[in-house]
1. Under the condition of being within 8 Å of the ligand (Cβ to nearest atom) and of a type in the set (Ser, Thr, Tyr), which residue from the stretch 205-231 is farthest from Ala29 (Cα to Cα)?
2. Take Ala187 and decide whether it is more than 8 Å from the ligand (Cβ to nearest atom), without any contact (Cβ under 8 Å) to a residue 40 or more places away in the chain and farther than 30 Å from Ala53 by Cβ.
3. Taking the stated definitions as given, is Leu77 within 20 Å of Ser204 (Cα to Cα) and open to solvent by 10 Å² or more (accessible area, probe 1.4 Å)?
4. Looking at (1) assigned to a strand (DSSP E or B); (2) open to solvent by 30 Å² or more (accessible area, probe 1.4 Å), which is the only condition Gln134 fails?
5. Any idea which residue in the stretch 12-34 is most open to solvent (accessible area, probe 1.4 Å), counting only those that are farther than 19 Å from Ile215 by Cα and in contact (Cβ under 8 Å) with a residue 40 or more places away in the chain?
6. Would you confirm whether any residue within the stretch 35-48 is open to solvent by less than 20 Å² (accessible area, probe 1.4 Å) and away from the ligand (no atom under 16 Å from the Cβ)?
7. Find the helices (runs of 4 or more DSSP H) located wholly in the stretch 171-237 whose residues include 2 or more that are open to solvent by 60 Å² or more (accessible area, probe 1.4 Å), and list them.
8. Quick test for you: out of Gly63, Gly144, Gly90, pick the one residue that is closer than 24 Å to Ala214 by Cα, in contact with a strand residue (DSSP E or B) (Cβ under 9 Å, 6 or more places away or on another chain) and at pLDDT below 95.
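The values are calculated or read from the model by the stated rules, or taken from the named source; none is laboratory data. Just so it is clear, the structure is predicted and the values come from calculations on it, not from any experiment. Methodologically, a virtual Cβ is constructed for each residue, glycine included, from the backbone with ideal geometry; neighbour enumeration extends over all protein chains shown. Ligands, DNA and RNA are stripped out before the accessible areas are found, and what is left, the full protein with its side chains, is counted by its heavy atoms. Shrake-Rupley method; radii C 1.70, N 1.55, O 1.52, S 1.80 Å.
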Amino acid sequence: MTSGPEGRAAELAVRLAALEERLAAACAAAGRERAEVTLVAVGKTWPASDIGALHAAGVRDFGENRDQEAAPKAAQLSALDGLRWHFVGGLQRNKTRSVARYAALVHTLDRVEVVDALAAGARRAGRAVPALVQVSLDGDPGRGGAVPADVPRVADRVAAADGLELAGVMAVAPLGADPLAAFERLATVAERVRADHPAARTVSAGMSGDLEAAIATGATLVRVGTALFGGRPPILG
Ligand SMILES: *Cc1c(COP(=O)(O)O)cnc(C)c1O
């Protein structure tokens with residue numbers, strides 16, 4: 001590969017093609033249509049020019065995990081057609097007002113205080129913000145997510161909030177555990193949420209290392225960083 005912006009754009013196109021083959025194979029193995037699974041390119045730490053290159057290659061959904069990085073990128077790339085920002089990081093109450101302005105989907109609602117704060121931000125921004133309830137599959141509160149027993153309560157709160165739309169659930173597989181078993185537990189939680197809220201059909205699960213397991217268990221959205229962009233540079237500062 002040559003260096004410079006064109007070399008990087010070509011590299012991203014090659015990586016995207018390889019990832020699309022993986023997604024197609026995973027969908028075929030699960031007896032599902034590729035169109036049932038949305039690819040979210042998680043471009044945290046990567047420059048706006050990378051997002052622009054993937055947009056030119058047809059990607060429309062992009063994920064970020066820090067508002068400090070996402071807000072300026074969203075502003076810088078606001079002219080790109082049809083681009084949707086996914087907020088996939090831990091959400092602090094003091095960031096909800098900013099996130100509510102640009103997020104097409106917030107993946108990480110896990111407690112009512114943050115639900116209420118995001119709803120207030122959405123009303124202030126004058127838009128409805130679709131959101132997922134993050135489910136903890138390992139019971140470790142440090143990694144985010146509501147424990148399965150709390151999910152219906154948080155989901156009801158999102159569904160009732162003026163300014164939010166409950167779109168489904170999200171999870172990150174526990175470290176060092178079988179992702180297939182974990183995502184099967186998520187599928188059960190997702191089904192329970194859908195029983196009360198039939199429109200909440202999104203299941204956000206699967207990253208570079210475990211997207212096959214996620215697709216096999218019904219994920220409708222995968223969040224892929226490393227397999228698309230390469231290894232993340234160290235975060236400085
Ligand atoms: C960074 C991140 C991803 C992407 O992870 P990779 O392993 O690089 O594909 C997915 N989901 C969340 C919540 C992330 O923070």
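1. If we take residues in the stretch 205-231 being within 8 Å of the ligand (Cβ to nearest atom) and of a type in the set (Ser, Thr, Tyr), then Thr226 is farthest from Ala29 (Cα to Cα).
2. Details: more than 8 Å from the ligand (Cβ to nearest atom): yes; without any contact (Cβ under 8 Å) to a residue 40 or more places away in the chain: yes; farther than 30 Å from Ala53 by Cβ: yes.
Yes.
3. Spelling it out, it is not the case that Leu77 is within 20 Å of Ser204 (Cα to Cα) and open to solvent by 10 Å² or more (accessible area, probe 1.4 Å).
4. (2)
5. Going through the qualifying residues, I end up with Arg15.
6. Yes, because at least one residue in the stretch 35-48 is open to solvent by less than 20 Å² (accessible area, probe 1.4 Å) and away from the ligand (no atom under 16 Å from the Cβ).
7. On the way: elements: 179-196, 211-216, 226-229.
Here the list reads 179-196, 211-216.
8. It is Gly144.
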